[in-house]
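Before any comments, here is the structure.
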Amino acid sequence: MPQRVATPHDLFFRQVFGQPEIAADFLARYLPAPIVASLDLSTLASQPDTFIDPDLSEYHSDLLLRVGLRDGGQAWI
């Protein structure tokens, strides 16, 4: 059985970017301007869903955010 790799950076990332106001600020600063213009970052919300296979969850995790689009749709980050 493979040894579990300690990933303290993952916990830090999830705790920080799981806060919508921090994630919104980061996205506004680092995404290309046309993409930011299409997002309503005031609607950014952390989601409980994951795309990681349950067999890999011990080794990988993800953070899923939902955001409204200015045209009325939704996107996931």
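What follows is calculated from the coordinates using simple rules that are stated; it is not laboratory data. All values reported here derive from a predicted model rather than from experimental measurement. Here the Cβ positions follow ideal geometry from the backbone for every residue, glycine too, while neighbour counts run over all protein chains shown.
Computed from the C-beta positions of Thr43 and Asp10, the FRET efficiency with R₀ = 22 Å rounds to 0.30.
Taking 0.890 mPa s as the viscosity and 25 °C as the temperature, the Stokes-Einstein diffusion coefficient of the stretch 11-52 based on its alpha-carbon Kirkwood radius rounds to 219 µm²/s. For the peptides 13-26, 32-45, the ranking by mean Cβ contacts within 10 Å, running from highest to lowest, is 13-26, 32-45.
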